[in-house]
Each structure stands twice: as structure tokens, then as C-alpha cells.
Amino acid sequence: MCGAELTSLPEGVQRVARALQDKGHPHTPVMLQDAVRTAQQAADALGIAVGQIAKSIIFRRKSDDAAVLVITSGDRRVDEKKVDAIVGKTGRADAEFVKSRTGYSIGGVSPVAHSQPPVTLIDRELFRFEEIWAAAGHPHGVFKLRPHDLERLTGAPVVDVVESAGGG
């Protein structure tokens, strides 16, 4: 992707594209026709299983107000108790907190290129898939990667932070 192509993209997508390029990631963000604010919408637009969507969920750590990013499979629900056991007590993050800490609006939070580096956890359920897709900083933007790329790009640990099949 050259500089001219980058400038036609929304600012958040440009930031993600630069970060991916700087880390030698082989895939650039693509813009979809419609907004994909949910994992199901993204999966439908890409013609893939909802589990192949790497959804980025932001929590607010209570002890220091840090953003905690949990990246999990689109067909799973995060178990907040498991997250809390790893990073300390967390709470819900509202739209203003998400935007101020990540630089992205809810529905477009990328796993990379945050305005302030979050505490990041990658759920192991993503490793069921060879190929996954993540938000690229905008509700219309996504990029392709493998679960191991996510580890390399974020430096985050792979953990179990989702509810068990029977609920949590």
C-alpha cells in the first residue's frame, strides 16, 4: 500500500495500516460496503464463520483506570471473572472511555495501533481457526490475519477468558 492509497482511508484505518506495514504484516485493511459493528455482521459481509471474527472488547481496570483489551472469537462471550483473575478487577467501559483510550469508536476497535497501549489478552478460542479477521479502526474496516499474527502484533499472552459452553 502506497501513501496515496492510505490518505483516502479514514484516519483510524490509516493508523492501523501503518502499524501493520511497520510490523511487516502481509495484509492491508479493506473497507467493506456496509458497517460491521457486530461479529455477526462482519462474518456475513466476509462470508466466513462468526467465530473467525476477532472481536476487540475493552474493559476499564478499576485500580488504575487502564484500558484492558480482550480479543476473542466472535462466537464466544468473555467471562469477566476470568479476566479479573488475570488483570485485576475490571468494569464496563463506556463509549467515551473507549474512544479516549484507544482512539477508536466502539464497533471499529482494532487490536493494534491504540492511542494509549492497553493491557491486552488474546483468548485461545481464536486458535481454532487458520484465518481470522479483525476490525481495522473503523466500522467499515477489517484486516485478515492468523491467530499467531495477533500474538506477534500485540505481544499479548494467549489465555482462557471466555465462558464455558454451558454459560459462565
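Laboratory data are not the source of any read-out in this text; all were calculated from the coordinates shown. Note that the structure is a prediction, hence the values are computed from the model and not measured. Counting neighbours? That spans all protein chains shown, and the Cβs are built from the backbone with ideal geometry, glycine included.
From Cα pairs below 8 angstrom and at least 6 apart in sequence, can you work out the relative contact order of segment 3-159, rounded to a whole percent?
Worked out over segment 3-159, it gives 27 percent.
Residues whose amide H lies under 5 Å from that of Ala66, counting only those 5 or more places away or on a different chain, are Arg61; hydrogens are built 1.01 Å from N in the peptide plane. Here, P(r) means the percent of Cα pairs in each 10 Å bin from 0 to the largest distance; for segment 3-159 it is 12, 43, 37, 8, 0. Ordering Ser115, Ser164 by the number of other Cβ atoms within 10 Å of each residue's own Cβ, fewest first, gives Ser164, Ser115. Taking label positions 7 Å along the Cα-Cβ direction at both Ala95 and Thr38, the computed distance is 1.7 nm, reported to one decimal. Net length available on complete extension from Lys81 to Asp65 is 4.0 nm, with 0.36 nm assigned per residue and the Cα-Cα distance removed.
Cross-link partners among lysines for Lys62, C-alpha distance below 23 Å, same-chain residues fewer than 8 apart left out? Of all the lysines, those that pass the test against Lys62 - Cα under 23 Å, at least 8 places apart if same chain - are Lys81, Lys82, Lys89, Lys99.
Annotation note: trypsin sites (Lys or Arg not before Pro) in segment 1-70 located in DSSP loop regions with a Cβ neighbour count of at most 13 within 10 Å are Lys23, Lys62. Subtracting the Cα-Cα distance of Arg128 and His27 from 0.36 nm times their residue separation leaves 34.3 nm of extension gain. Beta bridges from DSSP with both residues in the chain: antiparallel share about 70 percent, rounded to the nearest 5.
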